Structure formats: structure tokens, C-alpha cells
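The values are calculated or read from the model by the stated rules, or taken from the named source; none is laboratory data. These figures come from a predicted structure and were not determined experimentally. All Cβ positions, glycine included, derive from the backbone under ideal geometry; neighbour counts span all protein chains shown.
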Amino acid sequence: MEDSRKFDISFLGEFKNKAIESEFIEYDMRRYAKVLGPIALIFGTIYMMFLIADYFAIDSPYAFTIILVIRSLFLVVSVVVSLAIKKVNNYINLPYMITAYEILAIIGFVVIIGFYESHTVLLFFSVTVLTLAIYIMPNRPIYSQFIVIFLSMPFFMFHAKNIEGIDTTVFLKIIAYYLIMIIYCSIGAYLTNFYKRKQFLDRRELLRVSVTDPLTGIYNRAKFNEEISQWTDNCNRYENIFSLVMLDIDDFKKINDRYGHIIGDSVIQNLATTIQKVIRHTDILARWGGEEFVILLPNTEINQALEMTERIRICIEKSKYHKVENITCSFGLVAHRKNEDSESLLCRVDKLLYDAKNCGKNVVVSEANKIGERVLEIDFQI
């Protein structure tokens, strides 16, 4: 079980652990990717429709032309963003695109209202709507907070005081109400992001539990069946290769009878750890059931797999297992054949494991080594 302290959430509603935060962003942005494109198109269209209000409020043809260009360019940007989102493969970078898009909208907004000769209270309404839109848009909390500040500061510094019919007292009240809204939205955004991340951790843990063996922490049989089916389909389609190992602890019943099931479980746990130290990080290890394990060796032909399996056998034989001291394992080894399904492959390796038991145990039996000869010429150290 991973230490829950690694996944503390900051006051901004993000994981303090950068690795888990990146994993969450990837997951979260992948979920929203399908709706972000349409949202950008809708936002760009509405942004363009405000040109109607500009037409009646702007007297200068020059100013209106500039505003028309700004709104048209933003509509084009919205279309480009909508199309670009569909082609995004690395979802971790999507928040950068969203943030840049929102900043462009704000810059355009601030520039446009600068062309208005007179301002009305409705301008505050526009800023409020734009602020709410920023909080609603899927993005990292820290980026949303930055953009709201980026919007608020230039507006209140350069434009808000120019609104007609407003005195200092009313202006300060408006700022106070706006700040209350920001605080309320910030709290809402924090709680939303907090519970989204808690839900992500729960889902992550459920997924981990569903694919791992509770005793050893390695893949369980169901997950291995999924992996070997994918590899079999892949190899049949693209003519790749892989090998499969099945191993069994020799005389495990005697260990349980003599030392008890708790020690027997400890042996299984230590065996899984021992194997993990020998195999490559690309190899797939799973507990098949009881004292049986399976190892899928991707892109490995039979002779290379035979040497690797012999290394595992020697490492297990020379390792210490608490009260039991030493244990041995028997191994069956096969290579995938063209157009063979996973069921046939598992039947063949199971038969060879049975042969290994009958050959005197503590031996690797493969189709290249059916009599159970050991591969002795290996320079191997524990």
C-alpha cells in the first residue's frame, strides 16, 4: 500500500506530489478532451456575437474595425484550438493550451473595452461572466487563479473608474462584491478539485487491487490473462515473438505441513521478490495460483528465454527463505507459435512444467530442452 502522505493536497487543490499530480492531470484532461473542442467553438462564437453590441456602442469606424479584427482573430483561434485538441496525444500539456487560449480572450477583452468612449455598469457584468467562465473551464486550479488575477487587475486599474454615474463608495462596494465572488469561486474550485483528486485516488487504488495479487503485490491471474491475450493478438498480427515461463515451488505442501501456512505465505512473498530482482522491467510476472507463477518475456526467442529462466532458477535455489532456508522451483518454458491463441500456449507450458516435475524437479524444461538439461554455461552471480 502506498503511503497516503505522499498524496496530500495543497491549499490550491492540487497534489503536493508532482508525479501523482501529473498522473491526475493526464487522466482528468483525457476525460474532458472530447468536450473542450466544442466549448472553444461556443466560446469563440459568443465572443464574436458581442460585435453587435460593439456596433451600437462604438462611433469611430477605425475603432470598430480594430474590434472586428480582434473578435474575428479570436474566432479563428477558437477553431484552431478546437481542431488541435482532437489531435492532442500528450494530455499533460493540454492545460497550457487552455491557459494560453483564456489569456488571449482576456487580452482581447481588455483591449476592446479600451475603445469604448463611455462605460456602463453592464461592463461589470461582462467581467463577472468572463470570470465565472474561467472557473468553469477545465484547467489546473493554479492556472485558473492566475488568469482571474490577470483579468481583474487591468480592469479595475484602468477601466472600472471610468464607468459613468459611479462614485468612489459604489466603486469600492463593487470591488468588495467582486472579491466575495472570487473567494466563493475559489473555495468552490478547491472543494471540486479536492474531491476529484480523492475520487481519482480511490479509483486508482481499486484498479490496483483489481489487477494485483493481495499476497505478493504482483499481477494476478486475471490481469495476466489480459496481458497474454494482448500479446498473442499482437504477435499474430505483426509476427512479433515472446516466450512464456510457468514455475512451481517444489514440494510446497511439505513446507506448509512442516512450518505452517504463515511461513508458506512468506515463502511465496519472498519468491516473488526474488524473481522481480532477476527479470527485466519489461517482463510480466504474475501469480498464477497457489505456489505457481507465470512470466511473459516480450521479444524473447526460446534460446534466450532458456538462459534467462536458468538464471531465475539459480537465483531462487541460492536465496535464503527464513526458516525454510532454501527452496527450489521447476520450470516449463515455451515460445509463442504463429497464429497460436493464449489457451493453447498455456496448455503447452503447463505440460512442460509437469514434465519438469517428473524430471526430478529444480529444472527448466522447454521445447529446446525437453529432457530437462540445465544451462550450465552462464556467468551468473547472486
Which number in (1) among the basic types (K, R); (2) touching a helix residue (DSSP H, G or I) at 6+ places or on another chain (Cβ under 7 Å); (3) over 24 Å from E343 (Cα atoms) marks the one condition that K223 misses? (3)
Would you check if S152 is without any contact (Cβ under 8 Å) to a residue 40 or more places away in the chain and in the same structural domain as Y177 (by TED's automatic domain parsing)? yes
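Could you check region 175-207 and list, in sequence order, the residues that are of a type in the set (S, T, N, Q) and within 19 Å of Y32 (Cα to Cα)?
As a first pass, look at region 175-207 and keep what is of a type in the set (S, T, N, Q): 186, 192-193, 199.
Matches in region 175-207: T192, N193, Q199.
Take residues that are surrounded by 12 or more Cβ atoms within 10 Å (Cβ to Cβ) and over 37 Å from the mean Cα position of the chain (by Cα) and tell me which of the helices (runs of 4 or more DSSP H) falling wholly in region 10-115 contain 2 or more.
Numbers: elements: 18-49, 51-57, 61-86, 94-114.
Correct list: 51-57, 61-86, 94-114.
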Residues of region 257-271 being acidic (D, E) and under 14 Å from R287 (Cα atoms), in sequence order, are D265
Considering residues of region 330-349 that are of a type in the set (A, V, I, L, M, F, W, C) and more than 11 Å from I228 (Cβ to Cβ) only, the residue surrounded by the fewest Cβ atoms within 10 Å (Cβ to Cβ): C347
Residue satisfying condition, being modelled with pLDDT of 90 or more and out of contact with any strand residue (DSSP E or B) (no Cβ under 7 Å at 6 or more places or on another chain), within set A53, A57, A84: A84
Of those in region 9-38 that are of a type in the set (A, V, I, L, M) and within 16 Å of L191 (Cα to Cα), the residue modelled with the highest pLDDT is I9
Options V129, V148; residue that is at pLDDT 75 or above, surrounded by fewer than 19 Cβ atoms within 10 Å (Cβ to Cβ) and part of a helix (DSSP H, G or I): V129
